[in-house]
1. Which order do the peptides 26-38, 6-18 come out in when sorted by mean C-beta neighbours inside 10 angstrom, highest first?
2. Sequence-distant or interchain residues sharing an amide H contact under 5 Å with ALA25, placed H: which?
3. How far is it, in nm, from the label point at VAL10 to the one at TRP28 when both lie 7 Å from their Cα along the line to the Cβ?
4. Take LEU76 and LEU47, extend 7 Å from each Cα along the Cα→Cβ direction, and tell me the distance between the two endpoints in nm.
5. Given Cβ point charges of +1 (Lys, Arg) and -1 (Asp, Glu) and nothing else, what value in debye, to the nearest 20, does the dipole of the chain about its Cα centre take?
6. Could you state, as a whole-number percent, how many of the C-alpha pairs of the chain are farther apart than 15 Å?
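Laboratory data are not the source of any read-out in this text; all were calculated from the coordinates shown. All values derive from a computational prediction rather than experimental measurement. For neighbour counting, all protein chains shown are included, and Cβ atoms are generated from backbone atoms with ideal geometry for every residue, glycine included.
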Amino acid sequence: MTWLMAGLFVMTIGMLGAAGEPWRATRWAWFWLILMLPPFACPAYLLFGGPAGLARPKRPEARLTGGWAFLLAILLGGNGIA
C-alpha cells in the first residue's frame, strides 16, 4: 500500500507540472493540498482538477489560491511540515 500511495503521489505531482492550468484551484493550491493531504488530494485532483477531470466548473476564474489551500490543508490535519 505504501508503494501504491508513493506512486500515486509522484505521478500526480508530475501531471500537475506537465498538464495545463488546473481547474478549481491554482497549481500552488493543488501542490499544497497534495503535499499535506495525499490520500485525499491526489484522487481529488485526478477526478476534479486535472485534465481528465469530471464536469468543468461553472466559474473557472474563481479558483482556490495557494495561500488559502495551505491554510485549508493545515486546518484539515495536514502535518507534512516539520
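1. Highest-to-lowest ranking by the protection proxy: 26-38, 6-18.
2. LEU64
3. Modelled inter-label distance: 2.8 nm.
4. Here the modelled spin labels are 1.1 nm apart.
5. 240
6. Roughly 54 percent, once rounded to a whole number.
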